[in-house]
Amino acid sequence: MYLETDGRLARREIVKRILKDRDDQPVITGLSIASYDSVAARDAEHPLNFNMHGALGGAPMLGLGLAIARPDKRALVLMGDFDAVMGMRAMATIGTQMPTNLAIAVFDNAICSETGGQTSPTAGQTGIDLAGVARAAKWPVARTVVTEDEVEQAVDDLYGAEGPVFINFKVSGINPGSMKKTRDGALMKLRFRKALLGEA
Amino acid sequence: MARTQYEGDWSKDVHDALDGSGVTQIGYVPDGGMKNVINYCIDNPKMSAIPLASEEEGPCLAAGAWLGGGKAAIIMQSTGIGNAINTFSMIEVCQFPCLVLVSHRSSWGEGNRWQTPMGQRGPDYFKMAGFHTHFVEHGIDAGETVAAAAAQAYNTGNGIGVFFSQRVMGVKKFL
């Protein structure tokens, strides 16, 4: 159900599961495949997707700002592994605030697909353990998901566990492909605020 | 010279301007010159005061806050401006409001040459990043400058840098 043809976790199917029947869920995504995953799960016009196409590493802090501004909502961040590596310092910053309503899901394919398939620092036996970084920053829920059997509990925790929640899905390196979407940041901002706040 | 003899508490004025502008999130990189501003914000129960691990996190915090209907402001030292240039680009591209209060090293009697490259070029870097700039040379101007900058940021969807002279904050003493 959540497996790619190479037998490893299929990121896009997991994102579809995470966002299934969650049309009112605000979502921040990092760059590249994570943004296309969100488009595949909803659609390109979904107002509560804010997809970053620059400022690599910044998505967790957008999540923090959103989480503090809207304590009545869950702030959900989806991002790739190298994006998360660049944003690692934010795990410390978030750890000083411990927002209970912030959840970050990383899709760790151990390669930088968008930029030529270079090996990521998360690759192999000596690769950095991103969930371990979140644990070191004392996030109450921080773990790695490798098998299909762990997916449902991970989804439950992304929405229901007292955060901040960090789930690192170790996924296949097979690229599920890009999707047509806007890169107009002002447009995404305005429609996000309109949907969430009723005003642009 | 009378303007330099302001008897009030400019740090409190700055805090009050932020509070009065509806700012509820303060991302700050620890800084001696802005110490009292930061402390007033920490002590304000309406504000979340967030110590940033790096200046680049500030614009991202401001963007996320705005997406949620909140207002954030950032406090950083000029020395760290270079860390934030890449995320400043998101502010310009998406037209997010981003109010940055800058502790301006090398603005008056600097004692550490390591602080001068970013200090001297900082306002130009802000302008190159599409930010507007304001300057506070006298304590009496601090509150109203921040209030005006906040109005400009949140009404125009721009990045605004307010540079505080060491003449206002005091000059860090070195042996």
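Within chain A, what whole-number % of the accessible surface is contributed by carbon and sulfur, with the 1.4 Å probe and all protein chains included in the calculation? Don't jump to the answer; show the numbers that get you there.
Values: 4080 of 7970 Å².
Looking at chain A in its full context, I get 51 percent from C and S.
Quick check: residue separation of A:D23 and A:Q118 times 0.36 nm, minus the Cα distance between them. What number comes out in nm? Intermediate results must be reported in sequence, preceding the final value.
Numbers: separation 95, 0.36 × 95 = 34.20 nm, distance 3.44 nm.
30.8 nm is the gain from fully extending A:D23 to A:Q118.
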* To do: Report, in whole Å, the centroid distance computed from the Cα atoms of the stretch B:136-175 and the stretch A:57-78.
  => 28 Å
* HN-Hα J couplings of the stretch A:144-161 from phi, Karplus 6.51/-1.76/1.60, θ = phi - 60°, integer Hz, Gly and Pro as x? -> 9, 10, 10, 10, 4, 4, 8, 5, 4, 5, 5, 5, 4, 5, 4, 9, x, 6
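Provide the gained length on full extension for the span B:I85 to B:A148, in nm with one decimal, where the gain is 0.36 nm per separating residue minus the Cα-Cα distance. Walk me through the numbers on the way to the answer.
Numbers: separation 63, 0.36 × 63 = 22.68 nm, distance 2.35 nm.
Result for the pair: 20.3 nm of gain on full extension.
In Å², rounded to the nearest 100, what is the total accessible surface buried by chains B and A against each other with a 1.4 Å probe?
On the way: alone 8370 and 9010 Å², together 15280 Å².
In total, this chain pair buries about 2100 Å².
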* P(r) tail for the protein assembly as shown, what percent of Cα pairs lie past 33 Å? -> 30 percent
* Structure fact -> Going through B:K12/B:K172; A:K20/A:K170; A:K170/B:K71; A:K194/B:K35; A:K138/B:K173; A:K138/A:K181 one by one, the pairs whose alpha carbons sit over 30 Å apart turn out to be A:K170/B:K71; A:K194/B:K35; A:K138/B:K173; A:K138/A:K181
* Asked: Scanning chain B for chymotrypsin sites (Phe, Trp or Tyr not before Pro) in DSSP loops with at most 14 other Cβ atoms within 10 Å, what's the longest stretch left with none?
  -> B:1-107
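Which value, in debye to the nearest 20, gives the size of the charge dipole of the stretch B:1-113 about its Cα centre, when Lys and Arg are +1 and Asp and Glu are -1 at the Cβ?
On the way: 7 positive and 12 negative charges, 15 e Å.
Around 60 debye, computed over the stretch B:1-113.
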* Asked: Could you state the principal axis extents of the C-alpha atoms in the stretch B:1-113, from the largest down, to the nearest angstrom?
  -> 43, 35, 23
* **Partner chain coverage, peptide A:67-74 - average Cβ within 10 angstrom** => 5
* **Helix-only mean residue ellipticity at 222 nm for chain A, each DSSP H run of n ≥ 4 adding -39500 (n - 2.57), per residue, nearest 500** => -11000 deg cm²/dmol
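What average count of beta carbons from other chains do you get within 10 Å of the Cβ of residues in A:84-90? Mind dumping the intermediate values first?
Values: counts 0, 0, 2, 5, 1, 5, 7.
Mean inter-chain Cβ contacts per residue within 10 Å come to 3.
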* Output the residues of the stretch B:67-91 meeting this criterion: accessible area (heavy atoms, 1.4 Å probe) in the chain alone minus accessible area with all protein chains in place is 40 Å² or greater. => B:L67, B:G68, B:M90
* Structure fact -> Amide H neighbours of A:V165 at under 5 Å, excluding residues fewer than 5 places away on the same chain, with H built from the backbone geometry, are A:L102, A:A103, A:I104
* To do: Step through the residues of the stretch B:31-41 one at a time and calculate ³J(HN,Hα) from phi using the Karplus curve (6.51 cos²θ - 1.76 cosθ + 1.60, θ = phi - 60°), rounding each to whole Hz and writing x for Gly and Pro.
  => 7, x, x, 9, 3, 6, 4, 4, 5, 4, 5
* To do: Take every Cα-Cα distance within chain A, group them into 5 Å bins from 0 onward, and report for each bin the whole-number percent of pairs it holds.
  => 1, 8, 18, 22, 22, 16, 9, 3, 0, 0
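Mean residue ellipticity at 222 nm from the helices of chain B, using -39,500 (n - 2.57) per DSSP H segment of n ≥ 4 over the full residue count, to the nearest 500 deg cm²/dmol? Present the calculation step by step, with values, prior to reporting the outcome.
Details: 7 runs with 77 residues, N = 175.
Rounded to the nearest 500, the figure is -13500 deg cm²/dmol.
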* Structure fact -> Sorted by chain and then number, the residues having a modelled amide H within less than 5 Å of the amide H of B:I50, at least 5 places away or on another chain, are B:I26, B:G27, B:Y28
* Under Karplus coefficients 6.51, -1.76 and 1.60, residue-wise ³J(HN,Hα) of the stretch A:116-127 in Hz, glycine/proline x -> x, x, 5, 5, 8, x, 8, 7, x, 5, 9, x
* **Amide H within-cut-off set for A:L3, under 5 Å, with H built and near neighbours excluded** => A:A10
* Using a 1.4 angstrom probe, figure out how much accessible area the protein assembly as shown has per residue, in square angstrom, rounded to the nearest whole. => 41 Å²
* Evaluate E = 1/(1 + (r/R0)^6) for A:T147 and A:D72, where r is the Cβ-Cβ distance and R0 equals 22 Å; express this FRET efficiency to the nearest 0.05. => 0.05
* To do: Summarise the partner chain shielding of A:181-192 as one whole number: the mean count of Cβ atoms from other chains within 10 Å of each residue's Cβ.
  => 3
* Asked: Magnitude of the Cβ-charge dipole of the protein assembly as shown, K/R +1 and D/E -1, about the Cα centre, nearest 20 debye?
  -> 480 debye
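The values are calculated or read from the model by the stated rules, or taken from the named source; none is laboratory data. Just so it is clear, the structure is predicted and the values come from calculations on it, not from any experiment. Positions of Cβ are backbone-derived with ideal geometry, glycine not excepted, and every protein chain shown enters the neighbour counts. All accessible areas refer to the heavy atoms of the entire protein, side chains included, with ligands and DNA or RNA removed. Shrake-Rupley method; radii C 1.70, N 1.55, O 1.52, S 1.80 Å.
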